[in-house]
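Take a look at the structure below.
Only the coordinates and a few stated rules stand behind these numbers; no lab work does. Predicted model only: the values in this text are computed from it and were never measured. Cβ coordinates were reconstructed from backbone atoms using ideal geometry, including for glycine residues, and neighbour counts include every protein chain displayed.
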Amino acid sequence: MSDETFPGGQPDGSAGVVPGMDERSVDVLVIGAGQAGLSAGHHLRRVGFAPGDGFVILDGGDGPGGAWRHRWPTLRLDRVHGFHDLPGLPLPAARPDRPAAEVVSAYFAAYEREFDLPVRRPVRVREVRDRPDGRLAVHTDQGSWTARALVNATGTWTRPFWPHYPGRSTFRGRQLHTADYRGPAGFAGRRVVVVGGGTSAVQLLAEVSTVAAGTTWVTRRPPDFRDKEFTPERGRAAVALVDAAVRAGRPPASVVGVTGLPLTPELRRLRERGVLDRLPVFDRITPDGVAWDDGRFVPADVILWCTGFRAALDHLAPLRLRAPGGGITMDGTRVVADERVHLIGYGPSASTIGANRASRAAVRDIRARLAPTTAVH
């Protein structure tokens, strides 16, 4: 799906909203109720925007949890990489072997209740357009809203990236993405090719390798394993690199692309077992496996694409925010092309701690521009 398409839209470019629903108005509209959206809601309440007419949060999910509710069941809490508390309410203590999806989704639900956040779900945003009066029109499958400012916190989970390789459509086996993964059981006795060099690829490779007949790991670049501890200083340096990209209007790089893979004890064990003996990515896919131009061939029953995600921003296409470089030029969280729009969970804020900080900055900017006077109740 290109970034210029409008999911659920009509042939004439309209949003396909539900007839007969009144248009509702708010000062600030937040799209997405994951980590970034809930954090934004907390800060909006704290600085004086009233739930309801001051701000609302629209979420496309069937329940609380954001992308976390869709994580694979075998992802345990103790295997989650770098989760940070939402502002004002710590994550309650939980057994480390519990599924992360269950724990975090319950935490998000409790957070919504604790701060009485005005989350409306399931509401799927179709498109956002400019209005002659200077407000933004937000068209959804549940009617339309208008807002003076928009905080987009839609993340990436709904836009898995599937790279194109010659012959992909001819493959007779099974192909799935990280977003489709539900655990290793379905790979028992299969020959599996895992594509991708990020943290998720390594985690899934570790699980699948315990039951598969054989695994082959392929990446575009040699994996960047790092023995050094991931310190706050290194984290800030990585964020600065991503921030520089979005300020220049380039698409943001992946976090692993600038931080590398920490060489944990588990990864050391996988290397000793030979699971992390990586091959360069193949040149083409055949009906029965993957092949390289040098004559190498690996038979496969399953290709698992751990190739990442792209920012879910299709609904913003009518605002024409993209720069010539393909990204969206940012000044902090604010879109340079439209000061009414803030992106959090994008670029340097695409992490749980980054989303918390970015939401605070976005709300500070919005408050200064809109000057709300409503008191917090």
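If R0 equals 30 Å, the separation of the Cβ atoms of D130 and H164 corresponds to a calculated FRET efficiency of about 0.35. With R₀ set to 35 Å, the beta-carbon distance separating R24 from R182 gives a calculated FRET efficiency near 0.40. Shown for W292, W72: other C-beta atoms within 10 Å of each C-beta, ranked fewest to most, produce the order W292, W72. By the beta-carbon count within 10 Å of each Cβ, the least crowded to most crowded order of V218, V119, V125, fewest first, is V218, V119, V125. With all projection directions averaged, the alpha carbon convex hull of the stretch 103-169 covers 8.2 nm².
You can think of it this way: the chain between A93 and A371 has 96.2 nm of extra reach, that is 0.36 nm per residue less the Cα-Cα gap.
The convex hull of the Cα atoms of the stretch 49-96, projected and averaged over all directions, covers 5.0 nm².
Computed packing ranks the peptides 321-327, 188-194, 25-31 as 25-31, 188-194, 321-327, most packed first, by mean other Cβ atoms within 10 Å. For the stretch 78-217, the extents of the C-alpha atoms along the principal axes are 60, 45, 23 Å, listed from largest to smallest. Net charge in the neighbourhood of S105 (other residues with Cβ under 14 Å of its Cβ; Lys, Arg +1, Asp, Glu -1) is +1. Computed about the Cα centre, the dipole magnitude for the stretch 74-146 is approximately 220 debye when only Lys and Arg (+1) and Asp and Glu (-1) carry charge, each at its Cβ.
Ordered by the number of other Cβ atoms lying within 10 Å of each residue's own Cβ, fewest first, R296, R159, R126 fall into the sequence R296, R159, R126.
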